[in-house]
Amino acid sequence: MEERYLPFVEELIELAIKEDIGDGDHSSLSSIPQDERGRMKFLVKQEGIIAGVEIAEIILKRLDPNVVFEKKIDDGAHVKPGDIVFYVEGRLISLLQAERILLNVMQRMSGVATQTAIYVKEVKGTKTKILDTRKTTPGMRVLDKMAVKIGGGDNHRMGLFDMIILKDNHIDFAGGVYNAINKTRKYLKEKGKNLKIEVEVRNFDDIREVFRAGGVDRIMLDNFTPEQTCEAVKMIDGACEIESSGGITLKNLREYAECGVDFISVGALTHQIKSLDLSLKAC
């Protein structure tokens, strides 16, 4: 796990435990002896890409530091029904408390990773990388972005704080592309910040305005057709990175990639996914 993700993951796990367990798992406490130990297996029930194994171990050890975690399958592996991802042994009450938290995390992460892998496969052989977006479930962004990486995609910015993207509303309120870029450069200099600048463009005139302002790190072609995208790539001619976004689906993804863009950002990686069917069972 990348070091920058750890604080987000720890906070998320604490919230998940508080949300689910509250003042106690009374179902388990009322029916299972406090110190009784047992063993469970994490079972795959649907084909896809597994994700969240590393997070599962953190959750289990947060609830029971003495748990024995026996991993059988790594994050990013292609799995099929009947596969066992890991075995875990520990206090039964702790394992039962962890069950739903584990499933909620791993089912969603595996769904994101599986979806991402489909998009990545579609652009195989081109230079294009598939990016996620900020269209994530509030509070779970870090896990969504980890899952995208596990599925073979790449992460866009984590949030509003680690990269500047001047989108249509910023540009309109700032008085145009040229003004937005100049104001941004002035702001970064005043604040002593070193952040990359990306600018969303809606037409070829906007691209010209980017270069009139002195260029940026990346240009995002918003809702360009494949034909317009190919023309824009020639126009930019390697002066900065190029990202395509808007109106792109699996059906036309390859067409955009073959234009030579560096990135295609896809909101559907994290906001239109189907969780993978998984379960945690006694063994």
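Read the figures in this text as sums done on the coordinates, not as results from a lab. Nothing here was measured: the structure is a model prediction, and the numbers come from that model. Note: ideal-geometry Cβ built from the backbone for every residue, glycine included; neighbour counts use all protein chains shown.
Miscellaneous remarks
- Each label point was placed 7 Å from the Cα along the Cα-to-Cβ direction; for Asp217 and Glu255 their separation is 3.2 nm.
- 17 Å Cα-Cα reach of Lys18 towards lysines, excluding residues that sit fewer than 8 places from it in its own chain: Lys61
- Reach of Lys186 by Cα under 16 Å, taken over lysines that are not fewer than 8 positions away in the same chain: Lys196
- Placing pseudo-labels 7 Å out from each Cα toward the beta carbon at Gln34 and Asp277 gives an inter-label distance of 4.0 nm.
- Peptides 147-154, 256-263 ranked from most to least packed by the mean count of surrounding Cβ atoms within 10 Å: 147-154, 256-263.
- Each of Met158 and Glu227 was given a label point 7 Å from its Cα along the Cα-to-Cβ line. The distance between the two points is 4.3 nm.
- Gap separating the Cα centres of the stretch 144-191 and the stretch 72-136, nearest whole Å: 28 Å
- Anisotropy class of the stretch 63-165 from Cα gyration tensor, a/c 1.5 cut: oblate
- Alpha carbon centroid spacing (whole Å) that separates the stretch 235-283 from the stretch 9-68: 32 Å
- Cα gyration tensor category, rounded, prolate or oblate, for the stretch 159-283 with a/c compared to 1.5: oblate
- Each helix, a run of at least 4 DSSP H residues, gives -39500 (n - 2.57); summed and divided by the residues of the chain, these come to -13500 deg cm²/dmol at 222 nm.
- Crossing angle, helix 141-150 versus the chain [Cα axis fit, 0-90 degrees, rounded to tens]: 90 degrees
- Based on the convex hull around the alpha carbon atoms, the chain presents an average projected area of 17.0 nm².
- Potential lengthening between Arg202 and Glu47 on full extension [0.36 nm per residue; Cα-Cα distance subtracted]: 51.8 nm
- Segment Phe173-Leu188, length gained on full extension (0.36 nm per residue, minus Cα span): 3.6 nm
- Protection proxy ranking of 158-169, 111-122, 239-250, 24-35 - average other beta-carbon atoms within 10 Å, highest first: 111-122, 239-250, 158-169, 24-35
- Pairs from the list Lys45/Lys135; Lys124/Lys281; Lys72/Lys124; Lys129/Lys274 with a Cα-Cα gap above 31 Å: Lys124/Lys281.
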